[in-house]
1. Under the definition of Cα pairs under 8 Å and six or more residues apart, what whole-number percent is the relative contact order of the stretch 1-109?
2. Write down the accessible area per residue of the stretch 1-109 in Å², having rolled a 1.4 Å probe over the full set of protein chains.
3. Taking amide H positions as placed 1.01 Å from N in the peptide plane, with prolines and chain starts having none, which residues 5 or more places from I165, or on another chain, fall under 5 Å of its amide H?
4. What is the packing order of peptides 95-108, 172-185, taking the mean over residues of other C-beta atoms within 10 Å and listing the highest first?
5. What net charge do the residues around G97 carry, taking every other residue with its C-beta under 15 Å from that of G97, with Lys and Arg at +1 and Asp and Glu at -1?
6. Round to a whole number: what % of the accessible area of the stretch 1-109 belongs to carbon and sulfur, probe 1.4 Å?
7. Can you work out the Karplus-derived ³J(HN,Hα) for every residue in the stretch 140-154? Use 6.51 cos²θ - 1.76 cosθ + 1.60 with θ = phi - 60°, whole Hz, and x for glycine or proline.
8. I want the local charge near S143. Using Cβ-Cβ distances under 10 Å, sum +1 for each Lys or Arg and -1 for each Asp or Glu among the other residues.
Amino acid sequence: MVKKPVLSREAVYDTEDRFEMEAGYYPGDILPRTERAINRPIIIKDGCVIHGVIFGGRVQLGNNVRALGIYGDQEVVIGESCEIVGYIQSSGKIRVGSNTKVLCDIIGKEIDIWDKVRIYGNVIADGNINVGNDVEIGGYVVSLNGSIGIGDNSKVFDIIAYGNIELGHGVVIADPVIWSQKGKITLYSKIKVGKNYEVVHDRDRNIVESNKINLHYILSRTFTKSLYNDLIKSLGGVKTRSK
């Protein structure tokens, strides 16, 4: 049997003004116990395991950290190769390091996602969202008042922005509409829908309607139940029943 690592008192600095953890695991939530502690910075060093939710003003995680969920009122910075089982939320900026896995939603003012991140929920920001290369997002990518940039070979379910949308090479989407309310949509190569379809909007002006690319216009002519099942399966969803 693998023994649980011991939490050393010397590894944790816990006051109303700052929480810092050097090593080991923390057995529960890291929450403010007084009004003064609500906005304290939370610093979690490399390799730590938090068996609960982290709540603070500015929350900074090192590399290879595991936590249940994070709320940082002013900012959240996640290192590389971390695993967050719950949500990441902030009234400020959120940065997610490379090779990190997030099992729920990311919600913030502005969001930067580095390369090879896996997010199983939605990514929602008031401002800009920047997504790196080889990123997989199982839910919606939504900017309420900003722009969205998605890097090469990334996969997302849906893209909705108030401002501009820029998509890199080999981007894959599940939902057949990419929508911008006020901005411009820029593609650097073909868009792929699932694994079987490719669309380049500047070769067929009929699929461009105002500020959206309606991929369903192209797909609907040959979109049978069998092809739909293949699309859903390729994106990890549940297949529909054949009649």
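The values are calculated or read from the model by the stated rules, or taken from the named source; none is laboratory data. This is a predicted model, so every value here is computed, not measured. Note that each Cβ is placed from the backbone with ideal geometry, even for glycine, and that neighbours are counted across all protein chains shown. Surface accessibility is based on the protein's heavy atoms, side chains included, excluding ligands, DNA and RNA. Shrake-Rupley method; radii C 1.70, N 1.55, O 1.52, S 1.80 Å.
1. Computed value for the stretch 1-109: 16 percent relative contact order.
2. On the way: 5740 Å² over 109 residues.
Averaged over the residues of the stretch 1-109, the accessible area is 53 Å².
3. I148, K184, I185, T186
4. Working: 95-108: 21.1, 172-185: 18.4.
For the peptides 95-108, 172-185, the packing ranking is 95-108, 172-185.
5. Values: positive: K45, R66, K93, R95, K101, K116, R118; negative: D46, E75, E80, E83, D112, D115, D134.
My count for the surroundings of G97 gives 0.
6. Working: 2830 of 5740 Å².
Carbon-and-sulfur percentage of accessible area, whole number: 49.
7. 6, 10, 10, 10, 6, 9, x, 10, 10, x, 10, x, 4, 6, 8
8. Local charge sum for S143: -2.
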